[in-house]
Amino acid sequence: MVVLDLFSGAGGLSEGFFRVNSTFVAHIESDKYACETLKTRTSYWKLKKIII
């Protein structure tokens, strides 16, 4: 499934989509700290795919 995450926040809904191996087109969020959390979580899931 391809996902465009609008008004993402810190990525709670994105976590569910990551768990079912969805492909993200983009995350849209204006809060600086929420964006940093999204970057961290996205990196985690990308690394997890490589390692496992």
Counting only residues that are of a type in the set (Phe, Trp, Tyr) and open to solvent by 60 Å² or more (accessible area, probe 1.4 Å), how many does the range 42-52 have?
-> 1
Identify all residues within the range 17-41 that are in contact (Cβ under 8 Å) with a residue 24 or more places away in the chain, surrounded by 13 or more Cβ atoms within 10 Å (Cβ to Cβ) and of a type outside the set (D, E, K, R); write none if there are none.
-> Phe18, Ala34, Thr37, Leu38
Is it the case that Ala10 is in a strand (DSSP E or B), open to solvent by less than 100 Å² (accessible area, probe 1.4 Å) and hydrophobic (A, V, I, L, M, F, W, C)?
-> no
Within the range 13-33, the residues that are in contact with a strand residue (DSSP E or B) (Cβ under 9 Å, 6 or more places away or on another chain) and either in a loop (DSSP other than H, G, I, E, B) or not polar (S, T, N, Q) (or both) are Leu13, Phe17, Phe18, Ser22, Phe24, Val25, Ala26, His27, Ile28, Glu29
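The values are calculated or read from the model by the stated rules, or taken from the named source; none is laboratory data. Keep in mind that this is a model prediction, so the values were computed, not measured. Positions of Cβ are generated from backbone atoms using ideal geometry, with glycine treated the same way; all protein chains shown enter the neighbour counts. Keep in mind that these areas ignore ligands, DNA and RNA; they rest on the heavy atoms of the full protein, side chains included. Shrake-Rupley method; radii C 1.70, N 1.55, O 1.52, S 1.80 Å.
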